[in-house]
């Protein structure tokens with residue numbers, strides 16, 4: 001199998017180091033890097049068959065845009081995305097990008113919008129599988145109880161992102177984001193979104209069991225990953241999915 005190059009950069013932000021990785025088509029991975037964790041090793045686990053190259057110069061426009069958004073200096077984020085996932089995951093991620101900045105939805109509301117009234121838990125798992133933190137705003141999905149639910153990158157970061165987005169809409173820094181299920185406004189994440197088309201089987205969970213559900217970028221693919229399974233468990237344990 002021919003290898004593909006993925007270029008990456010690690011940049012500082014107010015919520016911790018941010019790893020940004022991109023294929024030739026756009027950003028394919030964004031993650032927060034916790035202290036004591038090697039972000040390049042984590043990236044290698046996500047893309048074990050890709051050639052990784054550090055290239056902060058090429059990625060600077062995109063990483064600067066992401067950091068500016070995370071730090072609250074920008075209210076609009078526009079970067080090209082090149083992500084892969086099952087058909088169901090892609091539907092959820094598209095729905096997340098329609099949630100306006102400063103608003104939130106519950107897992108159940110997202111499931112209902114997709115025509116799957118009992119799909120709240122599956123929506124939570126798709127949120128946990130989101131490969132591009134912030135650019136696909138899974139942090140805007142919360143529990144029906146009003147609690148934050150789960151977040152792969154930690155609840156403190158989720159709370160900070162929501163508070164900054166709410167503040168920019170005219171609320172105080174401590175005010176809760178609005179929940180407007182019928183709102184139809186720009187989300188603040190107007191990135192162009194490219195879904196890959198090559199099908200390969202991958203034995204993961206829930207909505208991702210059928211081999212034809214998978215689309216991977218060109219010739220590189222991902223294997224079952226402990227980091228993703230851990231993220232699913234974090235959401236399952238914290239979210240409540242209501």
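Worth a mention:
- Residue within region 33-45 that is in contact (Cβ under 8 Å) with a residue 24 or more places away in the chain, under 22 Å from residue 128 (Cβ atoms), surrounded by 20 or more Cβ atoms within 10 Å (Cβ to Cβ) and under 14 Å from the mean Cα position of the chain (by Cα) present: no
- Unmet requirement for residue 15, which otherwise passes all of (1) touching a helix residue (DSSP H, G or I) at 6+ places or on another chain (Cβ under 6 Å); (2) in a helix (DSSP H, G or I): (2)
- Residue match in region 105-116 (condition: in contact with a helix residue (DSSP H, G or I) (Cβ under 6 Å, 6 or more places away or on another chain), outside any helix (DSSP H, G or I), crowded, with 23+ Cβ neighbours inside 10 Å and modelled with pLDDT of 95 or more): no
- The set of residues from region 123-144 being in a loop (DSSP other than H, G, I, E, B) and touching a strand residue (DSSP E or B) at 6+ places or on another chain (Cβ under 9 Å) comprises 130, 131, 133, 134, 135, 136, 137, 143, 144.
- Among the candidates 101, 91, 45, the residue that is assigned to a helix (DSSP H, G or I) and at pLDDT below 95 is uniquely 45.
- Of the candidates 10, 67, 57, 37, the single residue that is part of a strand (DSSP E or B) and either over 27 Å from residue 100 (Cβ atoms) or touching a strand residue (DSSP E or B) at 6+ places or on another chain (Cβ under 6 Å) (or both) is 10.
- Once region 72-92 is narrowed to residues that are free of Cβ contacts under 8 Å to residues at least 60 places away in the same chain and surrounded by 14 or more Cβ atoms within 10 Å (Cβ to Cβ), the residue that is farthest from residue 157 (Cα to Cα) is 91.
- Taking region 50-69 as the range and being buried (at least 19 other Cβ atoms within 10 Å of the Cβ) and farther than 21 Å from residue 14 by Cα as the test, only 50 passes.
The values are calculated or read from the model by the stated rules, or taken from the named source; none is laboratory data. Since this is a predicted model, take the numbers as computed values, not measurements. With ideal geometry, Cβ positions are generated from the backbone for all residues, glycine too; neighbour counts draw on all protein chains shown.
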